[in-house]
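The structure under discussion appears below in the form of structure tokens.
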Amino acid sequence: MALAIANGGGSILWTSGSTLLQRLVPDASRGRVAAAEIGGFMLTLSQQRSRPACSSTAAFPPARTDGACGLVALVPLAYWAIRTRAFQVTGRGAGE
């Protein structure tokens, strides 16, 4: 059940991120950006899936490799957290 919720959440995040990206990109380069995003996703996915298979015969157990992949995922998360500050609305809100 937890895996289904996690995968659903990941799908929602990817969809909303892709939508925001497509809204920010000029019309002339929108297709190229979408192709680069999907290509990067597939490259990352293939590397992530092949790494535990290769490391099972090497010195690194799959649990350690998965943990390292999780730590690497913190890099785009930190970038996202910093960049979202630029999109925050400044000034007085409706409740102030």
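Within segment 1-20, the set of residues being within 15 Å of the chain's Cα centre (by Cα) and among the small types (G, A, S) comprises A6, G8, G9, G10, S11, S16, G17, S18.
Given the condition modelled with pLDDT under 75 and either part of a helix (DSSP H, G or I) or out of contact with any Phe, Trp or Tyr (no Cβ under 9 Å at 6 or more places or on another chain) (or both), answer yes or no: does some residue in segment 27-41 qualify? No - not one qualifying residue is present in segment 27-41. Residues that are within 15 Å of P76 (Cβ to Cβ) and not small (G, A, S) within segment 14-37 comprise W14, L20, L21, E37, listed in sequence order. Picking from residues in segment 21-38 that are under 13 Å from the mean Cα position of the chain (by Cα) and closer than 19 Å to R83 by Cβ, the one that is surrounded by the fewest Cβ atoms within 10 Å (Cβ to Cβ) is L21.
Scanning segment 53-72 for residues that are surrounded by 12 or more Cβ atoms within 10 Å (Cβ to Cβ) and not in a helix (DSSP H, G or I), we see that the one that is modelled with the lowest pLDDT is F60.
Selection of segment 42-52 for residues being surrounded by 12 or more Cβ atoms within 10 Å (Cβ to Cβ) and at pLDDT 80 or above yields only T44.
The values are calculated or read from the model by the stated rules, or taken from the named source; none is laboratory data. Keep in mind that what you see is a predicted model, and the values were worked out from it rather than measured. Glycine also receives a Cβ, built like all others from the backbone with ideal geometry; neighbour counts cover every protein chain displayed.
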